[in-house]
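**Q** Below you'll find the structure I mean.
Where a number appears in this text, it was derived from the coordinates with a stated rule and is not lab data. This structure is a prediction, so every number in the text was calculated from the model and none was measured. Cβ placement follows ideal geometry from the backbone for every residue including glycine, while neighbour counts extend to all protein chains displayed.
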Amino acid sequence: MTRSELIARMVTKQRYIPQRDVSLSINKIIEFIVESVSSGHRFEIRGFGTFSLHYQLPKKGRNPRTGETVDLVERYTIHFKPGKELREQVNRNKPSVSNVSTNY
Amino acid sequence: MSRNDEYNKHPSRTRADIAQSLIKDIGLNGREAKEMVDLFFQEISDALVSQRSVKLSGFGRFNLRDKNCRPGRNPKTGESVVIKERRVVTFNASERFKKRINIYQK
């Protein structure tokens, strides 16, 4: 699904908000999450998941092509942990699956 | 700085905070703002549940991965269990999102 499909779906699912405002809202929602996470806030959307930053220690890495060692600086990476409901729902169509909860 | 100070400086944000920004910046009323936020996440969830990945420029891509079953352990009791095969959601942040994180590191 792309942004334009998302806009179309959000327009048809409700009656009051015109396409222009739906489109603006999507941009704003994304910008708000990006801004929040970038400035160090954890972002928790109940049922859907949580965005947060994970700290990565500085370490030695290798260029896989040349094999030479490079220094990797400490940095943050963006982490998304799916929420319980989303984890369960994506497995709904897989009847063989029982939900062993794993925290990783 | 203790973990608690860090938390107070950057408290978790939620749906309600996004709704507030829609009210302030786009001029939606409270009910509309809540509806936009809820629909946004609902539609992404629905797409994933129907096995479609979701790509939003400037944000990232939500993908699905099928994991095989594998042996695991109950970390509390140490007993061996089989983790069944399952489908998981992954998120890859876009390059633009990743660049913004670097600003935070200085």
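**Q** Near the amide H of B:R13, under 5 Å away, which other amide H atoms are found, from residues 5 or more places off or on another chain, if H is placed in the peptide plane?
**A** Residues meeting the amide H criterion: A:R42, A:F43, A:E44.
**Q** Moving on. Using only Cα atoms and rounding to the nearest 10 degrees, what angle (0 to 90) does helix A:19-38 make with the longest principal axis of chain A?
**A** Compared with the principal axis, the helix lies near 30 degrees.
**Q** What is the angle, in °, between the Cα long axis of helix A:3-12 and the longest principal axis of the Cα atoms in chain A? Nearest 10 is fine, range 0 to 90.
**A** So the helix axis and the longest Cα principal axis differ by about 30 degrees.
**Q** Now for a different question. If we sort B:25-32, A:61-68, A:75-82 on the protection proxy, mean other Cβ atoms within 10 Å, highest first, what's the order? It would help to have the intermediate numbers written out before the result.
**A** Numbers: B:25-32: 14.6, A:61-68: 8.2, A:75-82: 16.9.
In decreasing order of mean packing, B:25-32, A:61-68, A:75-82 become A:75-82, B:25-32, A:61-68.
**Q** Alpha carbons only, please: Rg and Dmax for the stretch B:44-106, in angstrom.
**A** 16.9, 45
**Q** For the stretch B:1-89, report the % of Cα-Cα distances exceeding 21 Å.
**A** Numbers: 2399 of 3916 pairs.
The answer is 61 percent, as a whole percent.
**Q** Would any residue of the stretch B:83-103 have its amide N under 20 Å from a label point 7 Å out along Cα→Cβ of B:L64? List them or say none.
**A** Answer for this model: B:84-93.
**Q** Partner chain Cβ atoms within 10 Å, averaged over the residues of B:60-68 - can you pull that number for me?
**A** Details: counts 6, 0, 5, 0, 1, 0, 1, 2, 0.
Neighbouring Cβ atoms belonging to other protein chains average 2 per residue here.
**Q** Scattering from the C-alpha atoms of chain A alone, worked out with Debye: what is log10 I(q)/I(0) at q = 0.20, 0.23, 0.24 1/Å?
**A** -1.09, -1.17, -1.20
**Q** 5 Å is the cut-off here: which amide hydrogens, built 1.01 Å from N in the peptide plane, fall below it relative to B:F59, excluding neighbours closer than 5 in sequence?
**A** Correct list: B:S94.
**Q** Taking 8 Å as the Cα distance limit and 6 or more residues as the minimum spacing, I'd like the relative contact order of chain A as a percentage. If you can, show how the numbers build up before the last one.
**A** Working: 101 pairs, mean separation 19.0, N = 104.
Worked out over chain A, it gives 18 percent.
**Q** With +1 assigned to the C-beta of every Lys and Arg and -1 to the C-beta of every Asp and Glu, and no other charges, what is the dipole magnitude of the protein assembly as shown about the Cα centre in debye, to the nearest 20? Show your work: numbers first, answer last.
**A** Working: 41 positive and 23 negative charges, 115 e Å.
Magnitude of the dipole: close to 540 debye.
**Q** Let me check against my output: what whole-number percent is the relative contact order of chain B, with C-alpha pairs under 8 Å and at least 6 apart?
**A** On the way: 104 pairs, mean separation 18.8, N = 106.
Worked out over chain B, it gives 18 percent.
**Q** Then there is this: If you take the Cα atoms of the protein assembly as shown, find Rg, then find the Kirkwood Rh from the mean of 1/r over all pairs, what is Rg/Rh? Provide the component values of the computation, followed by the final result.
**A** Working: Rg = 19.4 Å, Rh = 19.2 Å.
That ratio equals 1.01.
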